[in-house]
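The values are calculated or read from the model by the stated rules, or taken from the named source; none is laboratory data. A quick note: this is a predicted structure, and the numbers were derived from the prediction, not measured. Cβ atoms come from the backbone with ideal geometry, glycine included; neighbour counts cover every protein chain shown. The accessibility values were calculated without ligands, DNA or RNA, using every heavy atom of the protein model including side chains. Shrake-Rupley method; radii C 1.70, N 1.55, O 1.52, S 1.80 Å.
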Amino acid sequence: MALERTLSIIKPDATRRNITGKVNAMLEEAGLRIVAQRRIWMRKHEAEAFYAVHKERPFFNDLVQFMTSGPVVVQVLEADDAVALNRRVMGATNPADADEGTIRHTFAESIEANSVHGSDSVENAAIEIGYFFSGTEIVG
Ligand code: CMP
């Protein structure tokens, strides 16, 4: 197992309900270390660029609209096997399919308002981290 970093976003449905601390507690209890964190309000072009991989999907416009509907918390998480570990802690994209005890099972409102985003591979994690953070902002 290698020490990895992954990009996490606490989404607008969670900032609106003031539960970012509860989400962070679940991340930390699972062994993920928050080594960078910033609260931002993404502009449309930033959300479109971040989710560019989904731009042909039918839900793309709604996704961009949702992700720009309020503040988000972007964060870098560090742990052994951080990408897979964070995906286990988040649970399935659709909260109806998410296991009990996961963030999405506990907090998500819908497949769109699903409280958190996490990188899906080590390669994408590096790209996504670089989108929001410079090296000097990440303090392990
Ligand atoms: P996320 O991990 O942020 O990556 C893309 C997001 O699109 C996903 O989480 C979901 O919140 C959102 N989304 C909305 N509708 C769908 C859908 N039908 N299938 C997959 N993802 C969807």
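Data table
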quantity: Hits in region 1-33 (condition: charged (D, E, K, R), within 17 Å of residue 88 (Cα to Cα) and assigned to a helix (DSSP H, G or I)); calculated: 22, 28, 29
quantity: Selection from region 92-130 of residues that are open to solvent by 80 Å² or more (accessible area, probe 1.4 Å) and either assigned to a loop (DSSP other than H, G, I, E, B) or β-branched (Val, Ile, Thr) (or both); calculated: 99, 100, 109, 111, 120, 127
quantity: Sole residue being within 12 Å of the ligand (Cβ to nearest atom) and either open to solvent by 10 Å² or more (accessible area, probe 1.4 Å) or not hydrophobic (A, V, I, L, M, F, W, C) (or both), chosen from 55, 44; calculated: 55
quantity: Residues of region 81-91 that turn out to be part of a helix (DSSP H, G or I) and touching a residue at least 40 places away in the same chain (Cβ under 8 Å), as a count; calculated: 6
quantity: Among the candidates 6, 20, residue that is under 26 Å from residue 80 (Cα atoms), within 12 Å of the chain's Cα centre (by Cα) and open to solvent by 30 Å² or more (accessible area, probe 1.4 Å); calculated: 20
quantity: Tabulated pairs, region 62-75, first open to solvent by 20 Å² or more (accessible area, probe 1.4 Å), second more than 10 Å from the ligand (Cβ to nearest atom) and among the charged types (D, E, K, R), C-beta under 7 angstrom, 6+ apart or interchain; calculated: 68/43; 68/44; 71/39
quantity: Identity of the residue in region 58-100, more than 24 Å from residue 133 (Cα to Cα) and among the charged types (D, E, K, R), that ends up farthest from the ligand (Cβ to nearest atom); calculated: 100
